[in-house]
Structures are given as structure tokens and as C-alpha cells.
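Asks: Attaching a single structure in C-alpha cells format; questions to follow.
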């Protein structure tokens, strides 16, 4: 078995992270490696990675509330002040030690994607001004060759390259985390409500997904998907 395959097998999306906080320098080193090694189309970076560390605990609690899932979630999307107040009460009760002992049953049909409360939370957003100063000052760009590429990309009304690039960076970061005995867990299930506004999730920014990083909480229950993966030949079609 190759080392890369072993790393890929080690990576898992998890819901709960330990209170143990990874060293900031380790996280920074992982992100620097991903930045240097992940390829990008035309050498443009259309996304930005915002990193929220342990000091943003209260903001992450609000994002945790916004990650509500289960059949009861629809009541709170677009909810009023009273609804959001109740959502906070449900979140605190669901995430409590008492509910942990019960195995985290849903409360009023709600559960939560707690990976957004990880010690380090990466938020992948769209970077509109994606021409860096380093690129703009390069001799290649000043020669006029890169300017035309930039102009053509800028004029595209719907450019989804940033989501592709962000996803490539995200999964590469997750593999490097696994190599360092850390877990990196993706989340795209959340909603925005002005009553739980934070700088992490803003209405004026496009967010592709979030990636929580930390140590796995081995004392928490984990559930396997009942759906499972499709068969190989349902996805890969040889011609």
C-alpha cells in the first residue's frame, strides 16, 4: 500500500473535536504547504482562506447554531428573534454534557454540525480582486501576456473556478492534516440570519464551504452514513 493511499484512508469527516488545541505554528505550516503545492488555473487565486482560531469561540457558537440540521431546521431558517432565541436554547441543550451521555438525540427535531466549532476553522470565500500585487509587478504581467488572460477571466459573468480551486486546496489541506495526526472536517450545511450575524459568515461574501481542523474527540459517538457510496461503474464510465 502506498503512503498516499494510507493518508487518504486515514482522513475522515468528523462531527466532534477535542478541546485540545493544535499548535498554531503547525496549522500555519500545513497551510503554507497547501498554498505552495496545490495547482491553480492560469496561476490566479480566485479564493481566499480565512482562518479563525480558538479565540473566536463565541462566533463559532453562532455558526454552530446556524449549522442546524434535522427535520426541525426549517423552522429557524429566516426565523424571527423569538425563533433564534429558541434555537440558541436548543443548541446549548443539544451540545451539553447531559445530552452527550444520552448519545446526542435530536431536540425538537434538531441536531448540529459541530465541526464548525473546531479549534481552527477555515472559511473559503470568493476573492474578487484575484490579481495579486506580486503578479501585477511581475515582468510577465507587464509584458501584456498575462493582462489579456486576466481581462478575459474578469469579464466572465459566472466564473466557478474559485469553487474548484477552493475544493482542491481544502482536500489537499485535509490530507496534510491527516499526515500530522489531525482531523479536517468539511461543512457546507449552514444558513445566514442577520440575528446571528458574525464575521465568519457574512451576506456580502460568497462562501464555498468551511473546514474545521483539530484533534478528534474520541469520547464522542460517531455515526456511519446509511446511504453508502455508489458502485464504481455507476460513476466511472470507460469509453
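Asks: Which whole number in µm²/s is D for segment 185-230 by Stokes-Einstein, with the Kirkwood Rh taken over Cα pairs at 4 °C and 1.567 mPa s?
Replies: After rounding, the answer is 94 µm²/s.
Asks: Sort 38, 123, 116 so that the residue with the fewest other Cβ atoms within 10 Å of its own Cβ comes first and the one with the most comes last.
Replies: So the ranking, lowest neighbour count to highest, is 38, 123, 116.
Asks: Between segment 101-142 and segment 189-239, how many Å separate their Cα centres?
Replies: Between the Cα centre of segment 101-142 and that of segment 189-239, the gap is 11 Å.
Asks: Go ahead and estimate [θ] at 222 nm for the chain from helices alone: -39,500 (n - 2.57) per DSSP H run with n ≥ 4, summed, over the residue count, rounded to 500.
Replies: Computed ellipticity for the chain at 222 nm equals -11000 deg cm²/dmol.
Asks: May I ask you to derive the relative contact order of the chain, considering only C-alpha pairs under 8 Å and at least 6 residues apart, and to give it as an integer percent?
Replies: Dividing the mean separation by the residue count of the chain yields 36 percent.
Asks: How far is helix 81-94 tilted off the main Cα axis of the chain, in degrees rounded to 10, range 0 to 90?
Replies: 80 degrees
Asks: So for 26, 211, 37, fewest C-beta neighbours within 10 Å to most, what's the order?
Replies: Lowest count first: 37, 26, 211.
Asks: Can you tell me how segment 1-63 classifies by the Cα gyration tensor, rounded, prolate or oblate, using a/c under 1.5 as the rounded cut?
Replies: Verdict is oblate for segment 1-63.
Asks: Subtracting the Cα-Cα distance from 0.36 nm times the residue separation, let me have the gained length for residue 92 to residue 180 in nm, one decimal.
Replies: So the extension gain works out to 28.5 nm.
Asks: Could you give the angle, 0 to 90 degrees to the nearest 10, between helix 57-66's Cα long axis and the longest principal axis of the Cα atoms of the chain?
Replies: 80 degrees
Asks: Further, regarding this structure: Angle between the Cα long axis of helix 24-37 and the longest principal axis of the chain, 0 to 90 degrees, nearest 10?
Replies: Between helix and principal axis, roughly 40 degrees.
Asks: Sort 161, 25, 204 by Cβ crowding within 10 Å, fewest neighbours at the top.
Replies: If I rank by nearby Cβ atoms, fewest first, I get 204, 25, 161.
Asks: In addition: Let's test the formula: R0 of 25 Å, r as the Cβ-Cβ distance of residue 19 and residue 206. What FRET efficiency results, to the nearest 0.05?
Replies: The value I calculate is 0.20.
Asks: Still on this structure: Please report the relative contact order for segment 1-134, taking Cα pairs under 8 Å with a sequence separation of at least 6, and give it as a percent rounded to a whole number.
Replies: Dividing the mean separation by the residue count of segment 1-134 yields 42 percent.
We did not get these values from a lab; they are worked out from the coordinates using the rules stated. The structure displayed is predicted, hence computed values, not measured ones. Note that each Cβ is placed from the backbone with ideal geometry, even for glycine, and that neighbours are counted across all protein chains shown.
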